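Data first, discussion second: the structure below is written as structure tokens.
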Amino acid sequence: MKNNRVDFSAAVENEMKLILPSLSVNEGMARAAVAAFCAQLNPTAVELADIKCAVSEAVTNCIVHAYREEIGEIIIEVKLCEGRLIRIDIRDKGCGIENI
């Protein structure tokens with residue numbers, strides 16, 4: 001059985017941090033900025049499309065769910081690590097999800 005766990009202890013070779021207000025117009029900016037930063041690893045078209053899709057979904061969730069009635073910050077951190085690993089963290093300080 002193959003181990004699918006990703007080793008995030010790999011050395012960071014480059015990193016970026018982007019903070020945007022939770023406005024819907026910034027979703028495209030976030031997607032484009034992360035894709036442009038990751039392009040230095042020369043990903044395939046499919047890999048780049050997957051990155052854009054994941055970033056788009058995460059940022060949209062922050063906009064729609066975390067900050068329903070207000071504008072807040074969306075924090076995006078991208079780390080390029082040895083072995084062509086990419087770590088993307090997208091955070092908000094919004095209302096969270098109700099404990100059901």
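The values are calculated or read from the model by the stated rules, or taken from the named source; none is laboratory data. For clarity, every value in this text was computed on a predicted model and none was experimentally measured. Neighbour counts run over all protein chains shown; Cβ positions are idealised from the backbone, glycine included.
One residue is enough: does the stretch 41-52 have a residue meeting the conditions of a type in the set (S, T, N, Q), at pLDDT 95 or above and touching a helix residue (DSSP H, G or I) at 6+ places or on another chain (Cβ under 8 Å)? No, there is no match, as no residue in the stretch 41-52 is of a type in the set (S, T, N, Q), at pLDDT 95 or above and touching a helix residue (DSSP H, G or I) at 6+ places or on another chain (Cβ under 8 Å). For the stretch 44-65, a residue qualifies if it is β-branched (V, I, T), farther than 28 Å from A11 by Cβ and surrounded by 14 or more Cβ atoms within 10 Å (Cβ to Cβ), and the qualifying residues are T60, I63. Taking the stretch 66-100 as the range and being over 17 Å from V12 (Cβ atoms), touching an Asp or Glu at 6+ places or on another chain (Cβ under 7 Å) and surrounded by fewer than 14 Cβ atoms within 10 Å (Cβ to Cβ) as the test, only K93 passes.
Among the residues of the stretch 21-38, is any farther than 16 Å from I75 by Cα and at pLDDT 95 or above? Taking every residue of the stretch 21-38 in turn, at least one turns out to be farther than 16 Å from I75 by Cα and at pLDDT 95 or above.
Return the total of residues in the stretch 8-20 being at pLDDT 95 or above and among the β-branched types (V, I, T). Residues flagged as at pLDDT 95 or above and among the β-branched types (V, I, T) within the stretch 8-20 amount to 1. Contact annotation: residue pairs with Cβ atoms under 6 Å, 6 or more positions apart or on different chains, pairing a residue in the stretch 80-100 that is on the phi > 0 side of the Ramachandran plot with a partner that is of a type in the set (G, A, S) and in a loop (DSSP other than H, G, I, E, B), are G83/A10. Taking residues in the stretch 22-37 that are touching a residue at least 24 places away in the same chain (Cβ under 8 Å), and partners anywhere that are loosely packed, with under 12 Cβ neighbours inside 10 Å and of a type outside the set (K, R), the pairs with Cβ atoms closer than 7 Å and at least 6 places apart or on different chains are S22/I71; L23/I71. Taken over the stretch 20-42, the criterion of being surrounded by 12 or more Cβ atoms within 10 Å (Cβ to Cβ), among the aliphatic types (A, V, I, L, M) and within 14 Å of R87 (Cα to Cα) is satisfied by V34, A35, L41.
Tell me, which residue of the stretch 21-78 that is of a type in the set (S, T, Y) and outside any helix (DSSP H, G or I) is farthest from G96 (Cα to Cα)? Taking the candidates together, the pick is T44.
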